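The values are calculated or read from the model by the stated rules, or taken from the named source; none is laboratory data. Bear in mind the structure is a predicted one, so any value in this text is a computation, not a measurement. Cβ: placed from backbone, ideal geometry, glycine included. Neighbour counts: every protein chain shown.
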Amino acid sequence: MHDGGRRAVLWALAANSGIAIAKFIGYALTGAASMLAESIHSVADTGNQALLLYGGHSAQRAPTPEHSFGYGRERYFYAFVVALVMFALGSLFAIFEGVDKLRHPHELNSPLIAVAILVVASILEALAFANAVREARRVRGKATWWAFLRNSKSPELPVVLLEDFGALIGLLFALTGIGLAQLTGDPRFDSLGSIAIGILLGAIAVFLAIEMKSLLIGESVAPAAREKIVRSIKTTPGVLDLVHLRTQHLGPDEILVGAKVALDPSFEFVQVAAKIDEIEGGIRAEVPEARIIYIEPDVLRTGAPDDADPDPTPS
């Protein structure tokens, strides 16, 4: 995990730990359904940040005979678990609690205490979210925020960004529900706030699960990195053509590259071996994350069945 992602996770872990304690105190004093939903939400977020940190640490293990490509994808696995925890512990619990309180409404106790705690929690969440945004800006380049969330190969920052954003919106729902319940005297508004929090968390969890599933299955490199690899291969002296190229992320910072390259047919065996080494060195110079590279030498054969490139630039 790069330093920016680690800092964002640690910030969120510290903020959510304190917020969870404060929210539970608020729920004990008020009995508000949306306050309980937010308490469980913060507990889930705290556990999620711990999972991300553990995944980053576990992914650094050296390759073994059983896992010869290493453990880089553990970061994707634990980010996927985060999505499941957010859905099961955050979303479903909040919806269940809201529906239960809709069916059996009761007056709120000390609503001003709940509002005060939620305001303080909002300030802390805003600080954590601002830190995550600052760290993400360092790596997203010119991409839009949506493109960054969809295409990032490093899971920590997108997860923390969406968690913190969801927490801020959830706090707004909780404040609105408690406020309307107090103004109208109808405690069902508090229950509706809890349901809204659950739906929000469910939407974020589904989005993260879809993205992490794609990374777990294996995604190709980003178009910019692919272009660098192609240019490096094709500009190597003695390379007549790139027959096909396949890439896959073994982790956020480790790429597997496989290429079939048409070389000058006059090369002798020793020259072919030297040219493969040169191609590999050129790729690593352009894309340092390309840790494992396999180059298959070939000669140009018009109409060969494998002339098509099976690893096109993603749309």
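For the reader, a short list of remarks on this structure follows.
Each row is one residue, and each column tells you yes or no for (1) in contact with a Gly (Cβ under 6 Å, 6 or more places away or on another chain); (2) assigned by TED's automatic domain parsing to the domain that holds LEU112; (3) assigned to a loop (DSSP other than H, G, I, E, B); (4) not β-branched (Val, Ile, Thr).
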site: ALA174; (1), (2), (3), (4): yes, yes, no, yes
site: ASP186; (1), (2), (3), (4): no, yes, yes, yes
site: SER191; (1), (2), (3), (4): yes, yes, no, yes
site: ILE195; (1), (2), (3), (4): yes, yes, no, no
site: GLY202; (1), (2), (3), (4): no, yes, no, yes
site: ALA209; (1), (2), (3), (4): no, yes, no, yes
site: MET212; (1), (2), (3), (4): no, yes, no, yes
site: LYS228; (1), (2), (3), (4): no, no, no, yes
site: GLN248; (1), (2), (3), (4): yes, no, no, yes
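- Matching residues, the stretch 163-187, being acidic (Asp, Glu) and either over 17 Å from PRO105 (Cα atoms) or within 29 Å of the chain's Cα centre (by Cα) (or both): GLU163, ASP164
- Options ASN109, ASN151; residue that is modelled with pLDDT under 85, not basic (Lys, Arg) and not assigned by TED's automatic domain parsing to the domain that holds ALA290: ASN109
- Some residue of the stretch 48-69 being of a type in the set (Val, Ile, Thr), more than 21 Å from PHE173 (Cβ to Cβ), in the same structural domain as LEU13 (by TED's automatic domain parsing) and not in a helix (DSSP H, G or I): yes
- Residues within the stretch 15-46 that are surrounded by fewer than 18 Cβ atoms within 10 Å (Cβ to Cβ) and free of Cβ contacts under 8 Å to residues at least 60 places away in the same chain, tallied: 3
- Some residue of the stretch 268-275 being farther than 24 Å from ALA62 by Cα, charged (D, E, K, R) and surrounded by fewer than 19 Cβ atoms within 10 Å (Cβ to Cβ): yes
- Filter result for the condition that a residue is free of Cβ contacts under 8 Å to residues at least 40 places away in the same chain, over 30 Å from GLU156 (Cβ atoms) and out of contact with any Leu (no Cβ under 9 Å at 6 or more places or on another chain), over ARG103, ARG134: ARG103
- When GLY141 is tested against (1) at pLDDT 85 or above; (2) within 27 Å of GLN248 (Cβ to Cβ); (3) of a type outside the set (Lys, Arg), exactly one condition is not met: (1).
Conditions tested, residue by residue: (1) under 30 Å from ARG103 (Cα atoms); (2) in contact with a Lys or Arg (Cβ under 7 Å, 6 or more places away or on another chain).
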residue: GLY193; (1), (2): yes, no
residue: ALA196; (1), (2): yes, no
residue: ILE199; (1), (2): yes, no
residue: LEU208; (1), (2): no, no
residue: LYS213; (1), (2): no, no
residue: GLU227; (1), (2): no, no
residue: SER232; (1), (2): no, no
residue: LEU242; (1), (2): no, yes
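- For the stretch 203-262, a residue qualifies if it is over 18 Å from VAL159 (Cα atoms) and basic (Lys, Arg), and the qualifying residues are ARG226, LYS228, ARG231, LYS234, ARG246, LYS260.
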